[in-house]
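See structure below.
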Amino acid sequence: MSFTRRLFIAASCIAFSPAIAKDVSIYTGILKGVAVGGYDVVAYFTAGQPVKGSAVFTHNYKDSEWRFASEANRALFIANPQKYEPQYGGHCAYAAARNYKASGDPQAWKIVDSKLYLNYDQSVKKIWEKNIPSEISSANRNWPTLASKPL
């Protein structure tokens, strides 16, 4: 991906992504106050794929509503939210590695060392996957200061 394309993606994310949760460390996307666009974060681990959560099975965590596909998944999350919540609050891992926030797409995901990561889209995910250890290391260094900044 060219530098110009990456710059365009970054600018688009910053200009048009609505992070609405009170806790700006959590990306809520277009569903106001709903984490990970309403996807069940436990399902990535148990079903191995993105599964839409239901408004019937919810839990409030970090000032956001988290949705689940079942009561069992909701209970697993409540028992250990740190195990299931996406890294960088569901923001794009590639962007965090470059010291800015961008939206995370629930369809552009990967579990690495039992942690869930989201990226802006599939093309950004492919770039991120070329050097995952370095990407995660950079994002981990940047996230403490990025977490409190608005998208």
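Given H placed 1.01 Å from N in the peptide plane, which residues other than close sequence neighbours of residue 26 have an amide H under 5 Å from its amide H?
none
Give the peptides 119-129, 37-47 in descending order of average Cβ contacts within 10 Å, highest first.
Most protected by this proxy first, the peptides run 37-47, 119-129.
Ordering 151, 116, 31 by how much accessible area each has at a 1.4 Å probe, largest first, what is the list?
I get 31, 151, 116, largest accessible area first.
Using a 1.4 angstrom probe, figure out how much accessible area the range 58-123 has per residue, in square angstrom, rounded to the nearest whole.
42 Å²
I need the calculated FRET efficiency for the pair residue 148 and residue 61, taking r as the beta carbon distance and R₀ as 22 Å, to the nearest 0.05.
0.80
Which ³J(HN,Hα) values in Hz, rounded to whole numbers, follow from the phi angles of the range 69-80 under the Karplus curve 6.51 cos²θ - 1.76 cosθ + 1.60, where θ = phi - 60° and Gly and Pro get x?
Per-residue couplings from phi come out as 7, 8, 5, 4, 5, 4, 5, 4, 5, 4, 5, 7 Hz.
If R0 is 25 Å, what FRET efficiency do you get for residue 54 and residue 112 from their C-beta distance, rounded to 0.05?
So the FRET efficiency works out to roughly 0.35.
For the pair residue 45 and residue 123, what calculated FRET efficiency results from E = 1/(1 + (r/R0)^6), where r is the Cβ-Cβ distance and R0 = 25 Å, to the nearest 0.05?
0.50
Among the lysines, which have Cα under 27 Å from the Cα of residue 126 when same-chain residues fewer than 8 positions away are ignored?
Cα-Cα hits under 27 Å: 52, 83, 101, 110, 115, 149.
Please report, as a whole percent, how much of the solvent-accessible surface of the range 92-133 comes from carbon and sulfur atoms (probe radius 1.4 Å).
That share works out to 46 percent.
The values are calculated or read from the model by the stated rules, or taken from the named source; none is laboratory data. Because the structure is a prediction, the values reported are computed rather than measured. Cβ coordinates were reconstructed from backbone atoms using ideal geometry, including for glycine residues, and neighbour counts include every protein chain displayed. Side chains included, ligands, DNA and RNA excluded: accessible areas come from the protein's heavy atoms. Shrake-Rupley method; radii C 1.70, N 1.55, O 1.52, S 1.80 Å.
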